[in-house]
Amino acid sequence: MISKPLFKATIKQNYIVFLIILAVLMLYLPIIITMYDPATQDSLNEMLAMLPQELISAMGFTGAGNTLLSFIGTYFYGFLILLLPMIYSVIVCNRSLASLVDKGSMAYLLSTPNTRSKIARTQALFIFISISILIGFVTVIGITLSEIEFPGELDIPGFLLLNLGALLLYYALTGIGFFASALFNDTKNSLAIGAGLPVAFLVLQMISDVGKSTEFLKYLTIYTLFDPQKIISGDDFILSFITLVLIAVATYIGGFIAFQKRDLPL
Amino acid sequence: MSVIEINGLTKDYGNHKGIFNLSFQINEGEIFGYLGPNGAGKTTTIRHLMGFLTPDSGDASILSMDCRTQSADIMKHLGYLPAEMAFFNGMNGMQFLNFMGEMRELKDTNYRDELIEKFQLDTKGKIRKMSKGMKQKLGIISAFMHNPKILILDEPTSGLDPLMQKLFSDLLLEEKEKGKTILMSSHSFEEIERTCDRVGIIRSGELVAIENMHDLKEKRRKTYVVTFDSPTSAKSYKENTHFDKMTVEGAVVRLSVLGNVSAFIQSLSNYRILDLSMESSTLEDIFMHYYNVPKITEKVDNQEGGSL
């Protein structure tokens with residue numbers, strides 16, 4: 001049960017930021033895939049060796065084994081996939097409810113025969129579908145490009161699992177953003193949580209990667225639940241996936257309840 | 001039959017802000033004016049009627065449905081004009097009206113087009129670039145276009161020029177003819193005077209009075225400023241007549257008249273009058289004169305061109 005006209009309006013409002021983020025992702029993905037060439041691996045490693053080890057660790061560029069999957073897993077899923085769709089998620093989540101309440105246009109939506117729940121459901125569905133399409137694009141393009149450049153080299157089931165992990169991560173992150181958007185009256189507070197939390201998570205993730213003394217920080221960031229190398233090697237990632245799903249379910253449901261119950265200053 | 005019912009509605013924001021134990025009913029087919037200075041609680045009351053807020057105590061219902069829990073059902077019969085114009089980014093006027101129509105599953109757009117024609121709204125312009133008056137017209141059309149049984153209008157004429165205000169008053173009277181129930185809030189007595197059957201006056205979150213418009217006019221005290229041909233005649237006028245609050249300043253006499261003005265006009269007939277004008281009373285004056293309530297010290301915003 002969603003409102004079709006609102007869904008359409010939301011698509012119209014957000015497709016440009018969607019396309020921009022997709023375009024940037026599509027700019028990097030081919031570059032990284034074509035960089036995988038066993039022949040040039042050494043020169044890449046040499047180049048990385050010139051940079052401080054801490055910087056490389058912070059960017060997650062470590063343990064780039066020697067398969068194509070592990071290479072993409074390191075250079076694309078180690079950092080870029082954590083950053084770019086996050087920007088999309090932050091913008092879209094904030095726009096979904098908080099910005100409508102902040103600007104006051106929510107008053108118009110609620111003066112039509114549509115319940116708050118229906119409006120929240122519509123917006124949540126848009127976030128959920130659009131982030132799935134975004135990660136879906138990356139998956140399909142990643143496989144296609146790999147097959148063109150290096151036929152038969154990519155471990156496709158492993159790549160799919162990696163993307164499933166990224167998708168679950170984003171269900172959880174958009175859940176947090178949606179919850180913040182549903183809970184707060186103004187964009188300022190919605191962004192403080194909806195954007196502040198993911199960014200803080202990312203920074204903690206980068207710091208915790210740097211060395212032993214800061215490793216404990218990994219318990220404070222959601223990105224620990226998405227570890228490309230563990231997923232690729234098949235090490236106990238199931239529990240992480242389940243945790244991400246639980247976070248997503250809890251935050252989306254929390255968002256619905258919060259928006260249904262609270263006072264709106266319209 | 002009462003269409004809108006408010007019983008003991010209270011929402012306390014602390015610091016004496018909010019609304020306190022409000023109760024009133026609005027009957028089918030009447031235009032109810034909700035009058036009060038800015039910050040008195042008019043919009044807070046309306047937000048409860050729209051189901052945006054949960055009351056601390058008491059309740060509000062429309063067509064016997066609870067405003068908070070059944071608001072989506074109520075909205076099938078209701079048109080709403082918010083006090084603040086906040087439309088959607090990037091839409092033009094027509095896109096907004098189409099969007100609102102779709103959200104309401106409105107099929108028949110004849111009345112909408114009639115209203116666009118009547119208010120001479122250019123619907124092709126981007127809303128972002130519209131003037132305040134244009135936005136107000138757009139809001140009015142959006143509130144009326146689905147021909148709802150009940151209309152809740154929060155300061156509907158702010159931003160409209162006098163010609164459009166007149167057009168709007170006529171529209172309200174037409175809607176009343178159709179049997180609509182209308183609640184309109186205002187801080188301008190003149191605006192309410194033109195159309196309303198009954199007036200509820202709210203001040204600092206409490207309902208001061210509910211009056212029949214006719215009775216209210218009777219009680220209304222008007223201040224006249226009369227300019228005589230000379231200070232001597234002004235003085236003699238003051239000595240020979242007895243009106244309230246008479247002051248003489250050179251040839252100018254200022255006085256106030258309660259209710260019937262014919263005695264006042266007769267008293268002038270023996271004098272040569274150079275000028276006669278009426279001072280419009282502010283809402284505060286009206287409160288003081290009608291209800292003897294102490295003047296509130298908080299700033300009363302006079303943004304509507306001093307029409308208070």
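Structure values in brief
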quantity: Rounded accessible area of residue A:209 (nearest 10 Å², 1.4 Å probe); calculated: 60
quantity: Degrees, to the nearest 10: B:110-119 long Cα axis against longest axis of chain B; calculated: 30
quantity: Degrees, to the nearest 10: B:132-144 long Cα axis against longest axis of chain B; calculated: 60
quantity: Karplus (6.51, -1.76, 1.60) ³J(HN,Hα), θ = phi - 60°, over segment B:230-239, in Hz, Gly and Pro reported as x; calculated: 8, x, 5, 5, 4, 5, 5, 4, 5, 5
quantity: The protein assembly as shown: antiparallel DSSP beta bridges as a percent of all, rounded to 5; calculated: 70
quantity: Solvent exposure ordering (accessible area, 1.4 Å, most first) of A:7, A:128; calculated: A:128, A:7
quantity: Cα shape, segment A:175-263, gyration tensor, a/c 1.5 rule; calculated: oblate
quantity: Estimated FRET transfer efficiency (residue A:2, residue A:51; beta-carbon r; R0 45 Å; 0.05); calculated: 0.40
quantity: Rounded to the nearest 20 debye, dipole of the protein assembly as shown from Cβ charges on Lys, Arg, Asp, Glu; calculated: 1160
quantity: Solvent-accessible surface (1.4 angstrom probe) belonging to residue B:73, in square angstrom, nearest 10; calculated: 70
quantity: Exposure rule at most 10 other beta-carbon atoms within 10 Å, DSSP loop trypsin sites (Lys or Arg not before Pro): chain B longest free segment; calculated: B:1-106
quantity: For residues of B:39-47, the mean tally of beta carbons on other chains within 10 Å; calculated: 1
quantity: Anchor residue A:218: lysines whose Cα lies under 29 Å away (excluding residues fewer than 8 positions away in-chain); calculated: A:188, A:230
quantity: Under 28 Å from residue B:222, Cα to Cα: lysines that are on another chain or at least 8 residues apart; calculated: B:42, B:166, B:235, B:238, B:245, B:295, B:299
quantity: Summed buried accessible area for B+A [probe radius 1.4 Å, Å², rounded to 100]; calculated: 2300
quantity: Average partner coverage of B:76-88, which counts Cβ from other chains inside 10 Å; calculated: 4
quantity: Dimensionless Rg over Rh [the protein assembly as shown; C-alpha; Kirkwood]; calculated: 1.16
quantity: Surface share of carbon and sulfur [accessible, 1.4 angstrom probe, percent] for segment B:25-88; calculated: 40
quantity: Protein accessible area in segment A:157-224, 1.4 Å probe - carbon and sulfur %; calculated: 75
quantity: Bins of 5 Å from zero: percent of alpha-carbon pairs in segment B:1-77; calculated: 3, 16, 26, 27, 18, 8, 2, 0
quantity: In Å², nearest 10: area of residue A:26 left accessible to a 1.4 Å probe; calculated: 50
quantity: Helical mean residue ellipticity (222 nm; -39500 (n - 2.57) per DSSP H run of 4+; nearest 500) of the protein assembly as shown; calculated: -16500 deg cm²/dmol
quantity: Average other protein chain Cβ within 10 Å of Cβ, residues B:136-147; calculated: 1
quantity: Sparsely packed GluC sites (Glu not before Pro) within segment B:89-166, loop by DSSP, other Cβ within 10 Å at most 15; calculated: B:105
quantity: Accessible solvent surface per residue of the protein assembly as shown, calculated while the other protein chains remain in place, 1.4 angstrom probe, Å²; calculated: 45
quantity: Three-way shape call for chain A based on the alpha-carbon gyration tensor, with the a/c threshold at 1.5; calculated: prolate
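The values are calculated or read from the model by the stated rules, or taken from the named source; none is laboratory data. Since the structure is predicted, the reported quantities are computational estimates derived from the model, not experimental observations. Cβ: placed from backbone, ideal geometry, glycine included. Neighbour counts: every protein chain shown. The protein model used for the area step is the full one, side chains on, heavy atoms only, and it has no ligands, DNA or RNA in it. Shrake-Rupley method; radii C 1.70, N 1.55, O 1.52, S 1.80 Å.
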